[in-house]
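A.B. asks: Would you mind keeping the following structure in view while I ask a few things?
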Amino acid sequence: MSRRHPGSRNHARLNKRKWAAFRREIFERDGWRCVKCGGAGRLECHHPHKLEHGGAPFDPANAETLCRECHVREHNPPRPGVAAWRALVHDILSS
């Protein structure tokens, strides 16, 4: 198998190195801080334009630094009305 043949061990290793270098570039560009909340713990690289929808994996314009919490929220946004429902339940239970 070729060194750069997709699926080969060397190809996977090269991609890991490329991804690690790219993540570091994005973290440095964003000042090692989450662009949403400014936090500095557990940083992750997020692609705002999903790769499965045509986003480029190694394009700095399609990458941003997020902390773990903001990254989870980005992929699981709160549903409309949930906060009001929780407040109502809290009020009922605390009465």
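The values are calculated or read from the model by the stated rules, or taken from the named source; none is laboratory data. Given the structure is predicted, the values throughout are model-derived calculations rather than measurements. We place every Cβ from the backbone using ideal geometry, glycine too, and count neighbours over all the protein chains shown. Each accessible area value is taken on the protein alone, full model and side chains, heavy atoms only, with ligands, DNA and RNA left out. Shrake-Rupley method; radii C 1.70, N 1.55, O 1.52, S 1.80 Å.
A.B. asks: Looking only at segment 1-39, which residues are among the aliphatic types (A, V, I, L, M) and either in a helix (DSSP H, G or I) or at pLDDT below 95 (or both)?
C.D. replies: Across segment 1-39, the qualifying residues are Met1, Ala12, Leu14, Ala20, Ala21, Ile26.
A.B. asks: Further question: Output the residue which, of all residues in segment 36-81 that are of a type in the set (S, T, N, Q) and open to solvent by less than 70 Å² (accessible area, probe 1.4 Å), is nearest to the chain's Cα centre (by Cα).
C.D. replies: Thr65
A.B. asks: Just need a number here: residues in segment 65-95 that are in a helix (DSSP H, G or I) and out of contact with any His (no Cβ under 9 Å at 6 or more places or on another chain).
C.D. replies: The total comes to 17.
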